[in-house]
Ligand SMILES: Cc1cc2nc3c(=O)[nH]c(=O)nc-3n(C[C@H](O)[C@H](O)[C@H](O)COP(=O)(O)OP(=O)(O)OC[C@H]3O[C@@H](n4cnc5c(N)ncnc54)[C@H](O)[C@@H]3O)c2cc1C
């Protein structure tokens, strides 16, 4: 059994940044990750929107971030958190251990929603993307498609319409986005909404060339953005009465949830923008709030 003032669960951009601030603030955090540390960065190609590096590959950025932790003598543990309960302190069961912590920062990210089609995984970064803010710039003046009918899909389509010649929105049934977003989308003449369609096949050579729809119509595309229900990794928190909204953890301005001492940062929380830099920001805010409370 281990004991710590602060346990950080997940070593992606949010968790690594929180770890750096906690350590430099005088706390000795434990950071734990079920995979190699780095989070989504390890699965990302070129990143062009993280300041300070120009263009950098995801894994390289992860190595740079981890060096910050390493230089402070913090080494993430390789283990998976299975459950969290709370008495006076948090009791965290992992696959191999039990950790007692006064504070927790949950930084476990989210799984992206997939279509489950042939070659989908191998085309990520070669025409398939899960993030218009991240990759839209690569499709300037090109033709793109967005799959989905919720707020994320409509927001992605609007974002892309500023860059692309034409944007198709492929919606399985009805659009479920907020009215304000739908009205904004309707003002964009280069967004074409196709309702009642699903994608049967992704056409490609080295990169995406188009899609085949369930009605056998073929649409030529340079890029396909998937916005179909990403899911935060939170199953290990099911014993707690945590306030969620749309499946994401609700936090206050200090990144603290409705459970005192349980903070969350990055892609697991409900927020408007899911980016590396916003994840890092959330990690900083959570860490500094914990440091401030420890000093009281
Ligand atoms: C393909 C792709 C490309 C992207 N490109 C960009 C880009 O160009 N620019 C940009 O700003 N953003 C980009 N993003 C978004 C960005 O990667 C995320 O917003 C960011 O990584 C979120 O950081 P995080 O720390 O919250 O979570 P993550 O990076 O997802 O890290 C979560 C970590 O938690 C660990 N974990 C999960 N469950 C457990 C558990 N039970 N126990 C222990 N550990 C656990 C995971 O193994 C993982 O390492 C991209 C995302 C994707 C998917």
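Bear in mind that the values in this text are calculations on the coordinates, not laboratory data. Remember, predicted model here, so these are calculated numbers, not experimental data. All Cβ positions, even for glycine, are placed from backbone atoms using ideal geometry, and neighbour counts span all protein chains on display.
The table below gives the values:
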item: Ranked 169, 160, criterion: other C-beta atoms within 10 Å, fewest first; result: 169, 160
item: The chain: most fluctuating residue of 34, 246, 93 per GNM, C-alpha cutoff 10 Å; result: 246
item: Relative exposure of 244, 181, 69, judged by other C-beta atoms within 10 Å (fewest first); result: 244, 181, 69
item: Candidates 106, 182, 268: whichever shows maximal mean-square fluctuation once the chain is modelled as a Gaussian network with Cα springs under 10 Å; result: 182
item: Length released on extending from residue 186 to residue 292, taking residue separation times 0.36 nm less the Cα-Cα span; result: 33.5 nm
item: Relative exposure of 134, 164, 107, judged by other C-beta atoms within 10 Å (fewest first); result: 134, 164, 107
item: Antiparallel bridges, percent of DSSP beta bridges restricted to the chain (to nearest 5); result: 40 percent
item: Average silhouette area of the chain, convex hull of alpha-carbon atoms, in square nanometres; result: 16.2 nm²
item: For the chain, built as a Gaussian network whose Cα springs stay under 10 Å, the top-fluctuating residue of 79, 205, 135; result: 205
item: Percent of Cα-Cα distances greater than 24 Å, calculated over the range 121-226; result: 14 percent
item: Virtual spin-label span in nm between residue 114 and residue 71, 7 Å along Cα→Cβ; result: 3.7 nm
item: Ordering of 17-23, 189-195 by packing [mean C-beta count within 10 Å, highest first]; result: 17-23, 189-195
item: Pair residue 126, residue 179: separation of 7 Å Cα→Cβ label points (nm); result: 4.6 nm
item: Helix-only [θ]222 nm of the chain, DSSP H runs n ≥ 4, -39500 (n - 2.57) each, per residue, nearest 500; result: -7000 deg cm²/dmol
item: Relative contact order %, the chain, counting alpha carbon pairs below 8 Å whose residues are six or more apart; result: 21 percent
item: Cα gyration tensor shape for the range 160-296, rounded if a/c is under 1.5, else prolate or oblate; result: prolate
